[in-house]
Structures are given as C-alpha cells and as structure tokens.
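Step one of this worksheet: look at the structure below.
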Amino acid sequence: RMHTHPPRRRVGTAWSATLLALLMVVGLVVPAAAAPPDKEEKVDFTLTVLHNNDGESDLLPDENGAGSISRFAWLLDDLRDGALTGPTKARGKTGVVTITAGDNFLASPELQASFDKGIPWYDAIALDSLDYDAFTIGNHEFDFGPDVLADFINSFSGNDDVFLSANLDFSQEPALQALVDEGRIRPSIVVKERGELIGIIGVTTPELREVTSPGDVVIDEELVRVIQAEVEALTAQGIDKILVSSHLQDID
C-alpha cells in the first residue's frame with residue numbers, strides 16, 4: 001500500500017522520548033574527505049528515518065516543564081523540515097519516513113483520561129497529528145488486553161495509520177482480526193516518498209505472553225524467518241529500500 005504525506009502539521013512546541021535521525025544514502029558513496037559544498041557529488045536519493053519508541057502516554061510536561069507530546073511534535077517537524085531543505089537537498093533528491101517502534105501507551109493518569117473519554121483516545125488524537133508512516137506494535141499495547149488495543153487503533157482517524165507486526169497472528173482475536181481485514185494491521189507496508197518506494201516491516205517481542213496480556217494472539221518466535229519472508233516478498237515487488245522496525249522487549 002502506498003501513500004503520500006499530507007501537508008505537515010504543527011501541534012505546538014517535542015516529547016521526552018528518544019528521536020533518532022538516520023541518514024541512508026542510496027547511490028554514490030560520499031568520499032571520506034568531505035568536499036566543499038559546491039563540489040559534492042550527487043546521490044540518487046537520501047532518506048532520513050525519524051524513529052522513536054516508548055512514548056508511553058507521555059502527553060503532558062513534568063513539573064519542570066520537560067517532555068510533552070507538543071514539544072516532541074515541534075522537534076519532529078523541525079527535523080523533517082531540516083531533512084528536506086538542509087544540506088542533503090543540494091546533493092540530490094531527499095525524503096523522510098517517520099516510525100514509532102511501539103509502547104505507544106502505558107498505564108498513567110493520561111491513559112485513564114483516555115479510558116474515561118472513550119474513542120477517540122487522547123493518546124491517539126495526539127499521535128495521529130504527528131503523521132507517522134508506520135506504528136510498530138509493542139508489548140504495552142496489550143497490557144489491557146487485545147480489545148483495548150483494538151479501541152486504540154480505532155481511535156485513529158483513517159486507514160493511513162497502519163500498525164505493523166509480522167510475527168503476530170490475530171485470527172483468534174475478532175476485534176484485532178477485523179483490523180487486519182481492513183488493512184490497518186499488517187506485517188509490512190510500502191510507503192512512497194518523493195517517488196521512491198520504501199518497505200517497512202514490523203516485529204514484536206516473542207516474550208509477549210510473559211510480559212503482558214495478548215489473549216489468544218499467536219506469537220511466532222522465529223523472527224529471522226519471519227523477517228526474511230517479508231524481505232523476499234517486498235523484494236519481489238521491486239522494493240530495494242527496506243527498514244525493519246522491531247519492539248523486542250526482554251529478547252536474549
């Protein structure tokens with residue numbers, strides 16, 4: 001499934017969760033000794049990957065004013081703008097994808113406020129505004145059982161918000177299987193960024209049953225086999241840029 005980014009939205013001023021910017025250069029290799037900007041060689045495509053995990057319902061600032069989803073949103077927009085308009089732009093085509101790698105909510109006063117409010121949750125309203133390309137399913141998503149995870153996903157505004165896990169089988173959990181049937185839970189997704197196709201595969205910890213409450217979700221522990229099968233399926237579609245987003249709590 002392919003989608004393009006809507007106009008970027010600013011929702012205030014960036015979360016205490018870690019945000020990593022990873023530059024992946026496809027095409028010519030940049031020389032070890034950096035050339036002056038006007039002499040740098042062109043590359044086919046520069047992809048910036050913005051990733052965070054363990055947001056855990058951290059929606060409001062602490063007593064010192066640190067944290068909050070609004071500060072995180074400000075930083076996220078700033079990094080996106082910089083990736084698309086900064087120094088890499090002079091070297092060729094640039095694009096950005098944004099991924100959250102799970103544990104998107106956690107027991108807290110903020111989450112209780114979402115439970116009290118009902119669908120749509122405050123957590124989902126905030127996360128929906130950040131324009132993620134993919135949401136990997138973590139272990140805390142199951143802390144209140146599969147039906148509550150389904151409520152969380154149903155709190156998002158449209159089918160562009162896709163949740164990923166290639167090693168979980170939801171067929172024995174009707175509420176989640178309905179979301180699989182709708183295409184809102186998938187093993188992987190293909191996004192289109194500046195004309196380039198990028199595959200994103202999600203996997204969730206095989207220790208899921210030991211650390212949370214996944215109900216009758218079936219967990220495939222053979223992660224290498226699962227990921228490789230998705231890689232081969234994406235490669236067969238001609239996708240040559242593939243990311244793996246994993247939430248592997250307690251894995252040895």
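The values are calculated or read from the model by the stated rules, or taken from the named source; none is laboratory data. As the structure is a computational prediction, the values presented were derived from the model and not from experiment. All Cβ positions, even for glycine, are placed from backbone atoms using ideal geometry, and neighbour counts span all protein chains on display. With ligands, DNA and RNA removed, areas are computed over all heavy atoms of the protein, side chains included. Shrake-Rupley method; radii C 1.70, N 1.55, O 1.52, S 1.80 Å.
So which residues in segment 131-162 are farther than 25 Å from Glu221 by Cβ and either more than 11 Å from the chain's Cα centre (by Cα) or modelled with pLDDT under 95 (or both), if there are any at all?
Asp131, Asp151, Asn154, Ser155, Phe156, Ser157, Gly158, Asn159, Asp160, Asp161 - these are the residues of segment 131-162 that are farther than 25 Å from Glu221 by Cβ and either more than 11 Å from the chain's Cα centre (by Cα) or modelled with pLDDT under 95 (or both).
Look at Val231 and say whether it is over 21 Å from Val96 (Cβ atoms), open to solvent by less than 40 Å² (accessible area, probe 1.4 Å) and in a strand (DSSP E or B). Reasoning before the result, please.
Values: over 21 Å from Val96 (Cβ atoms): yes; open to solvent by less than 40 Å² (accessible area, probe 1.4 Å): yes; in a strand (DSSP E or B): no.
Here the answer is no, as Val231 does not meet what is asked.
With respect to Gly215, is the statement that it is open to solvent by 20 Å² or more (accessible area, probe 1.4 Å), within 24 Å of Asp160 (Cβ to Cβ) and part of a loop (DSSP other than H, G, I, E, B) true?
no
So which of Ser157, Ser108 ends up being farther than 18 Å from Asn52 by Cα and in contact with a Ser or Thr (Cβ under 6 Å, 6 or more places away or on another chain)?
Ser108
Scan segment 163-173 and give yes if some residue there is open to solvent by 50 Å² or more (accessible area, probe 1.4 Å), at pLDDT 95 or above, closer than 19 Å to Ala101 by Cα and in contact with a strand residue (DSSP E or B) (Cβ under 6 Å, 6 or more places away or on another chain), otherwise no.
The answer is yes; a qualifying residue exists.
Look at segment 37-88 and say how many of its residues are of a type outside the set (Phe, Trp, Tyr), farther than 19 Å from Gly195 by Cβ and part of a helix (DSSP H, G or I).
Residues in segment 37-88 being of a type outside the set (Phe, Trp, Tyr), farther than 19 Å from Gly195 by Cβ and part of a helix (DSSP H, G or I): 15 in total.
Looking at (1) at pLDDT 85 or above; (2) touching a Lys or Arg at 6+ places or on another chain (Cβ under 7 Å); (3) open to solvent by less than 20 Å² (accessible area, probe 1.4 Å), find the lone condition where Trp15 falls short.
Evaluating Trp15 over (1) at pLDDT 85 or above; (2) touching a Lys or Arg at 6+ places or on another chain (Cβ under 7 Å); (3) open to solvent by less than 20 Å² (accessible area, probe 1.4 Å) leaves (1) as the failure.
For residues that are open to solvent by 80 Å² or more (accessible area, probe 1.4 Å) and in contact with a strand residue (DSSP E or B) (Cβ under 7 Å, 6 or more places away or on another chain), scanning just segment 191-212, find the one that is modelled with the lowest pLDDT. Outline the logic, then answer.
Filtering segment 191-212 down to residues open to solvent by 80 Å² or more (accessible area, probe 1.4 Å) leaves 192, 194, 209-210.
Pick out the ones that are also in contact with a strand residue (DSSP E or B) (Cβ under 7 Å, 6 or more places away or on another chain) and you get 194, 209.
On the way: Arg194: 90, Arg209: 95.
It comes out as Arg194.
Looking at Leu127 and the list (1) in a helix (DSSP H, G or I); (2) touching an Asp or Glu at 6+ places or on another chain (Cβ under 7 Å); (3) closer than 30 Å to Lys93 by Cα, which single condition is not satisfied?
So the condition that Leu127 fails would be (2).
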